[in-house]
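Written out below as structure tokens is the structure these notes cover.
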Amino acid sequence: MQFLRTAFWVVVAVALAFFCMANYVPVTVRLWGDMVMETKLPVLLIGAFLLGALPFWIMARATRWRLKRRLDSAERALAVTATATPPPVTTPPVTPDTSIPSLPPLNPAGPV
């Protein structure tokens, strides 16, 4: 599985390198009013991609942090429960029940 992940990222990096080499042209971007920024096209596109991915990356990290905290809390609670000594089990004394009449013993030879 690690090989597939590495192969995927190598393909993405090579494709990105070819894109950058083919489109390395200056681009003029008008920001606010009369502010102008001149940059290369790949820098602009990669920067815009990273800026757009930033909120999702922050959200994923926050979710991961929250789930890790919940898991740690559950593991601590389980450890406390597992190490606690259970209370001694006491059974009530068994007393014969006198409400049921006792039957006469069976005769192996049959009824008398």
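Here the spin labels are modelled as points 7 Å beyond Cα on the Cα-Cβ line, and at LEU4 and ASN107 they lie 8.3 nm apart. Its relative contact order, with pairs defined as Cα atoms under 8 Å and 6+ residues apart, puts segment 1-70 at 19 percent. Per the Debye formula on identical point scatterers at the alpha carbon atoms of the chain, with no solvent, log10 I(q)/I(0) at q = 0.13, 0.17 Å⁻¹ is -0.90, -1.09.
Each stretch of four or more DSSP H residues adds -39500 (n - 2.57); spread over every residue of the chain, this sum gives -21000 deg cm²/dmol at 222 nm.
For VAL27, the accessible surface of its heavy atoms amounts to roughly 40 Å² (probe 1.4 Å, protein chains only, rounded to the nearest 10).
The values are calculated or read from the model by the stated rules, or taken from the named source; none is laboratory data. Just so it is clear, the structure is predicted and the values come from calculations on it, not from any experiment. Here Cβ is always computed from backbone atoms with ideal geometry, including for glycine, and neighbour counts include all displayed protein chains. When the accessible area is computed, the model is the full protein with side chains, heavy atoms only, and any ligands, DNA or RNA have been set aside. Shrake-Rupley method; radii C 1.70, N 1.55, O 1.52, S 1.80 Å.
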